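*Asks:* There's a structure below that I have some questions on.
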Amino acid sequence: MATAPYGVRLLVGAATMAVEETIKLPKTILMYPMTLVSQAAAVVMRFQQNIAELVIKGDATLEQIFPPKDEQPEWATFDEDLPDDGDDDTSGAEVDAERRAEGRFALYSTPDAATGAAADPPTRPVTRGKQTVPAPAVAEELDYEELTLAQLRARLQSLDLDELEALLAYEEATKGRAPFQTLLANRITRATAK
């Protein structure tokens, strides 16, 4: 077969392309909104990046013109700012251990475990101030002085209301750790509601 002239082949190819695109048109029309949205999002993100670059350059220029002052707020205290008493590092470790035993860290640590120091066996009864607080039987049974918050939480289900109240009174009279008091008070509330 002889080849058709160039112009005829061009027209037949254009017609074929038009028919194929017409067949694809329903899918293409459905995709246009998503395409437009993604292109608009790309333009917005590119604009935001350009703005951020300008702000960073502005900050760098302003720092060169007006160098920042190295001022420290009155309330900020850093380890190197603390006075060195010439003592060995145990006093700092003890303070750090006390901080870890309070608040959110009380769940996982006890003061002795935080310092890595060998814990002295807890003395029964505990002396607080001028008064001596006898440990209730349940506290000695559970070895309450050595429990972390998570360990205490695991053991609370097995205690009755009187034991819970005795532990709460003992905690308030001795260490007064807020997370422990809250846990015991909440458990007492749930036990009395049943």
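Computed from the coordinates by the stated procedures, all read-outs in this text should not be read as laboratory data. Not measured: the values here are computed from a predicted model. Please note: Cβ atoms are built from the backbone with ideal geometry, for glycine as well, and neighbour counts cover all protein chains shown.
*Asks:* Under the classification rounded if a/c is under 1.5, otherwise prolate if a/b is larger than b/c and oblate if not, where does region 1-67 fall, given a ≥ b ≥ c as square roots of the Cα gyration tensor eigenvalues?
*Replies:* Oblate shape, in that a/c is at least 1.5 and b/c is the bigger or equal ratio.
*Asks:* Shifting gears a bit: Per 10 Å bin, what percent of the C-alpha pairs of region 33-74 does each bin hold, from zero upward?
*Replies:* 25, 25, 22, 16, 10, 2
*Asks:* A further question on this structure: Less than 30 Å apart at the alpha-carbon level, and either on another chain or at least 8 residues along: which lysines does that give for residue 175?
*Replies:* Of all the lysines, those that pass the test against residue 175 - Cα under 30 Å, at least 8 places apart if same chain - are 130, 194.
*Asks:* Same structure again: Identify the trypsin sites (Lys or Arg not before Pro) of region 2-84 meeting these criteria: DSSP loop state and at most 14 other C-beta atoms within 10 Å of the C-beta.
*Replies:* 69
*Asks:* Grab the beta carbon distance between residue 22 and residue 43, set R0 = 45 Å, and tell me the FRET efficiency rounded to 0.05.
*Replies:* Working: r = 30 Å, r/R0 = 0.67.
With a Förster radius of 45 Å, E is 0.90.
*Asks:* Between region 141-184 and region 39-61, what is the separation of their alpha carbon centroids in Å?
*Replies:* 55
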